[in-house]
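These notes concern the structure reproduced below.
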Amino acid sequence: MKTLIVYGSRYGATTGTSEEIAKTLREEGFTVQVVNAKEEKVDDISEYELIIVGSGMKIDRWTKEPENFLKKFRKKLAKKKVAIFVSSGVQAIYEYEGNTEAMGRAWRKYLKEKAEKYSLNPIAMAIFGGVLNFSKMGWMARKTVGQLWRKFEEAGFEKKNENYDTRDWDAIQNWAKELARKVRA
Ligand SMILES: Cc1cc2nc3c(=O)[nH]c(=O)nc-3n(C[C@H](O)[C@H](O)[C@H](O)COP(=O)(O)O)c2cc1C
């Protein structure tokens, strides 16, 4: 099963997540190419059967490159198996707080609306955790998410190299395994 993962990342979290999905799918016997859309352009998707598109979130927005990919190939993607995911710095806090309203909103805004916008019918979607470095934030970022660091502490996330990394590798691997199962079905 030839698979393409196209992603966009601002702070690097989605790079790690994409690599982990690729690793898991390779273990399942898939042939996987990973493309950082900020560095590489994709011209042709005809050889791929499964296409996974992912992005980091910033103020409710995807990075523009994977979104441009969806726009450019929307007609061709309609005939492929497609999955989409995002990296979110705040999802772990919503989960910790049991804030189902915020989680529902994120699911709609980050994933469902994106799929609808490009007439996609994804076989899987996911919101994974992200990475936040509060010590490096400029005033704009502080204004948006800087007040959250206390909640990360409260929720028991450990700071490593000044980063709060909320990526759940088991969840990422399980999602990729389940995706492999769906593709084979
Ligand atoms: C200025 C700023 C705004 C952010 N806005 C959001 C947001 O609206 N929703 C969200 O889920 N995460 C938000 N985040 C957290 C990022 O999604 C998180 O850092 C993630 O790791 C980004 O993925 P990337 O590292 O691949 O770019 C924001 C982070 C920063 C610094």
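Number of residues in segment 159-185 that are in a loop (DSSP other than H, G, I, E, B) and modelled with pLDDT of 90 or more: the value is 3.
Answer yes or no as to whether residue 170 is loosely packed, with under 15 Cβ neighbours inside 10 Å and either farther than 25 Å from residue 70 by Cα or not charged (D, E, K, R) (or both). Yes. Given the criterion more than 10 Å from the ligand (Cβ to nearest atom) and surrounded by fewer than 17 Cβ atoms within 10 Å (Cβ to Cβ), identify the matching residue among 60, 43. Answer to the selection: 43.
Would you call residue 80 closer than 15 Å to residue 52 by Cα, away from the ligand (no atom under 16 Å from the Cβ) and open to solvent by 80 Å² or more (accessible area, probe 1.4 Å)? Considered against the rule, which asks whether it is closer than 15 Å to residue 52 by Cα, away from the ligand (no atom under 16 Å from the Cβ) and open to solvent by 80 Å² or more (accessible area, probe 1.4 Å), residue 80 comes out as no. A count restricted to segment 12-40 and to residues that are within 16 Å of residue 166 (Cβ to Cβ), in contact (Cβ under 8 Å) with a residue 60 or more places away in the chain and crowded, with 17+ Cβ neighbours inside 10 Å stands at 5. When residues in segment 82-129 are screened for being in a helix (DSSP H, G or I), closer than 19 Å to residue 21 by Cβ and of a type in the set (Ser, Thr, Tyr), 1 of them pass.
Applying the set (1) within 13 Å of the ligand (Cβ to nearest atom); (2) acidic (Asp, Glu); (3) closer than 30 Å to residue 73 by Cβ to residue 116 leaves exactly one unmet item: (1).
The values are calculated or read from the model by the stated rules, or taken from the named source; none is laboratory data. Bear in mind that the values here come from a model prediction, so they are computed numbers and not experimental data. Virtual Cβ from ideal backbone geometry, glycine too; neighbours counted across all protein chains shown. Quick note on the areas: whole protein, heavy atoms, side chains included, nothing else; ligands and nucleic acids left out. Shrake-Rupley method; radii C 1.70, N 1.55, O 1.52, S 1.80 Å.
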